[in-house]
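Each remark here refers to the structure printed beneath this line.
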Amino acid sequence: MKIGLHVQSTFKQMTGIGQYTTHLIQALADLDRENEYFLLSYIPWYNFKKRARGIRPAAKNFKRDIRWIPPHWVNPTKKLSLFHTSHFNWFPWVRCRMVFTVHDCSWRGYPAGFSEEVHHQMDKGMEEALRRADRLVAVSESTRKDILKYFPIEEKKIKVIYNAAGEIFHKLSDRENVKARLLDYGISFPYILFVGSFEPVKNVPGLLQAYQKIHHKIPHHLLLIGGLRQRREEVLSLCAELGLEKRVHLVGYVSKDDLVFFYNMADIFIYPSFYEGFGIPILEAFQCGTPVITSNTSAMREVAGDAALLIDPYDVESISEAMLELIRNRALREALAKKGLERARRFSWKNAASEMLALFKEVSA
């Protein structure tokens with residue numbers, strides 16, 4: 001087979017889809033030496049900085065094929081057996097069979113976080129995906145159910161292939177050196193950790209309000225890690241309004257190497273999103289031996305199982321009480337940390353790549 005993998009998401013600071021693409025490619029490279037892979041993307045010719053970025057070929061049967069002109073002029077998909085993407089914007093140019101990964105239906109599951117225009121664009125993109133793709137991959141059973149709930153599609157056309165966390169996330173033993181490394185960030189110990197974007201669906205204001213209710217009862221600071229973009233001032237303003245300027249730290253985007261340290265040194269990892277298609281940070285925290293609080297909605301309950309303390313993200317009191325309970329109950333923290341390590345072993349990129357390759361063979365047959 002000649003397989004095209006869309007890598008546009010790896011050309012910037014990588015969040016969910018970029019991480020997914022990177023891990024899937026590496027796992028496929030470790031697994032498959034037989035088929036040819038082409039890492040495809042289109043970047044405007046004038047974007048010189050991005051030309052040197054993005055994922056590199058992971059094995060000899062993987063080739064980087066980055067175009068500087070629109071694909072409808074020189075279309076690389078014509079030579080392919082099939083093409084895999086997680087983006088809507090390549091559909092007009094695909095001239096082969098296609099597998100499309102759906103990471104979530106967040107604009108439907110949490111419509112309050114999206115404008116009417118974005119809602120319309122996403123609906124239109126999904127409708128095109130249903131029309132053009134030979135098969136859809138859902139990253140969780142929750143996402144599969146949402147696709148069936150919101151869109152007209154045959155159930156047999158969707159296959160669930162779970163995400164995983166990267167192997168870099170693991171429990172560290174040399175905690176003193178790790179702590180010394182984190183002091184370079186100017187943070188305070190002990191701390192509660194949040195990792196994610198600051199989009200409305202992530203419920204950062206609700207987390208801040210919940211933390212404000214208990215911060216005077218605990219020594220823990222709250223660390224927020226993730227790309228702030230245009231929401232920095234909004235978050236800072238809310239922190240000031242709640243009197244949390246000295247207790248909340250906006251760390252911003254950090255490397256994966258340092259993120260491992262942050263997870264390991266956190267007393268609690270909290271992920272109170274309103275909606276997730278999967279929730280990879282939950283598994284990252286599990287693999288680092290960090291006890292987790294997350295939401296009882298969408299895929300988060302599915303991923304966490306009984307290894308996390310589940311809260312109602314719409315109930316600030318629920319979030320506050322969970323943080324306070326976990327901080328005060330060391331035995332519960334230790335029990336959840338142990339369960340989290342066991343739970344994380346159920347998910348691996350090796351399994352994901354194996355299932356994806358089997359699907360590619362099925363689609364191209």
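The values are calculated or read from the model by the stated rules, or taken from the named source; none is laboratory data. Computed from a predicted structure; not experimentally measured. So basically every Cβ, Gly included, is an ideal-geometry build from the backbone, and we count neighbours across all protein chains shown.
Being over 24 Å from ASP104 (Cβ atoms) and either touching a His at 6+ places or on another chain (Cβ under 6 Å) or outside any helix (DSSP H, G or I) (or both): is that true of LEU238 here? Here the answer is no, as LEU238 does not meet what is asked.
Evaluating HIS120 against the criteria (1) over 23 Å from VAL7 (Cα atoms); (2) in contact with a Phe, Trp or Tyr (Cβ under 7 Å, 6 or more places away or on another chain); (3) without any contact (Cβ under 8 Å) to a residue 60 or more places away in the chain leaves one unmet condition, (2).
Results for (1) of a type in the set (A, V, I, L, M, F, W, C); (2) surrounded by fewer than 17 Cβ atoms within 10 Å (Cβ to Cβ); (3) within 20 Å of the chain's Cα centre (by Cα); (4) modelled with pLDDT of 90 or more, shown as yes or no for each residue.
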| residue | (1), (2), (3), (4) |
| --- | --- |
| TRP90 | yes, no, no, no |
| ARG97 | no, no, no, yes |
| SER106 | no, no, yes, yes |
| HIS120 | no, yes, no, no |
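In the range 165-204, of all residues being in a loop (DSSP other than H, G, I, E, B) and of a type in the set (Asp, Glu), the one that is farthest from GLU284 (Cα to Cα) corresponds to ASP184. Of all residues in the range 214-247, those being among the charged types (D, E, K, R), surrounded by fewer than 16 Cβ atoms within 10 Å (Cβ to Cβ) and either more than 17 Å from GLY186 (Cα to Cα) or modelled with pLDDT of 95 or more (or both) number 6. Say whether the condition of being touching a helix residue (DSSP H, G or I) at 6+ places or on another chain (Cβ under 9 Å), more than 26 Å from ALA112 (Cβ to Cβ), surrounded by 14 or more Cβ atoms within 10 Å (Cβ to Cβ) and aliphatic (A, V, I, L, M) is met by at least one residue in the range 183-205. Looking through the range 183-205, at least one residue is touching a helix residue (DSSP H, G or I) at 6+ places or on another chain (Cβ under 9 Å), more than 26 Å from ALA112 (Cβ to Cβ), surrounded by 14 or more Cβ atoms within 10 Å (Cβ to Cβ) and aliphatic (A, V, I, L, M).
Residue by residue, here is whether (1) in contact with a Ser or Thr (Cβ under 7 Å, 6 or more places away or on another chain); (2) modelled with pLDDT of 85 or more holds:
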{"position": "HIS6", "(1), (2)": "yes, yes"}
{"position": "MET14", "(1), (2)": "yes, no"}
{"position": "ASP32", "(1), (2)": "no, yes"}
{"position": "ASN35", "(1), (2)": "no, yes"}
{"position": "PRO44", "(1), (2)": "no, no"}
{"position": "ILE55", "(1), (2)": "yes, no"}
{"position": "ASN61", "(1), (2)": "no, yes"}
{"position": "TRP73", "(1), (2)": "no, no"}
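In this structure, does LEU208 turn out to be surrounded by 21 or more Cβ atoms within 10 Å (Cβ to Cβ) and part of a helix (DSSP H, G or I)?
On the way: surrounded by 21 or more Cβ atoms within 10 Å (Cβ to Cβ): yes; part of a helix (DSSP H, G or I): yes.
When the stated conditions are applied, LEU208 passes them.
If you go through the range 141-164 and keep only what is in a helix (DSSP H, G or I) and aromatic (Phe, Trp, Tyr), you end up with just TYR150. Quickly run through the range 126-165 and pick out the residues that are in contact with a helix residue (DSSP H, G or I) (Cβ under 7 Å, 6 or more places away or on another chain) and closer than 19 Å to PRO111 by Cα. Residues satisfying the conditions are SER142, THR143, ASP146, LEU148, TYR150, PHE151.
The set of residues in the range 123-150 that are modelled with pLDDT of 90 or more, surrounded by 15 or more Cβ atoms within 10 Å (Cβ to Cβ), within 22 Å of GLU199 (Cβ to Cβ) and not polar (S, T, N, Q) comprises ALA138, VAL139, ASP146, ILE147. The numbered conditions (1) free of Cβ contacts under 8 Å to residues at least 40 places away in the same chain; (2) under 27 Å from VAL160 (Cα atoms); (3) over 22 Å from the mean Cα position of the chain (by Cα) are all true for SER364 except (1). If you go through the range 257-266 and keep only what is surrounded by 13 or more Cβ atoms within 10 Å (Cβ to Cβ) and not in a loop (DSSP other than H, G, I, E, B), you end up with ASP258, LEU259, VAL260, PHE261, PHE262, TYR263, ASN264, MET265.
The test for being outside any helix (DSSP H, G or I), touching a Lys or Arg at 6+ places or on another chain (Cβ under 9 Å) and either at pLDDT 95 or above or buried (at least 24 other Cβ atoms within 10 Å of the Cβ) (or both) does not hold for LEU250.
Taking the range 1-40 as the range and being without any contact (Cβ under 8 Å) to a residue 40 or more places away in the chain, outside any loop (DSSP other than H, G, I, E, B) and out of contact with any strand residue (DSSP E or B) (no Cβ under 9 Å at 6 or more places or on another chain) as the test, the residues that pass are GLY18, THR22. Just one of the listed residues (PHE360, PHE278) is modelled with pLDDT of 95 or more and within 26 Å of GLY226 (Cβ to Cβ), and it is PHE278.
GLN26: within 17 Å of the chain's Cα centre (by Cα), surrounded by fewer than 21 Cβ atoms within 10 Å (Cβ to Cβ), farther than 22 Å from ASN75 by Cα and at pLDDT below 85, yes or no? For GLN26, the condition - within 17 Å of the chain's Cα centre (by Cα), surrounded by fewer than 21 Cβ atoms within 10 Å (Cβ to Cβ), farther than 22 Å from ASN75 by Cα and at pLDDT below 85 - is not met. Just wondering, is there one or more residues in the range 303-323 that are within 26 Å of ALA112 (Cα to Cα), under 19 Å from the mean Cα position of the chain (by Cα) and either in a helix (DSSP H, G or I) or small (Gly, Ala, Ser) (or both)? Yes.
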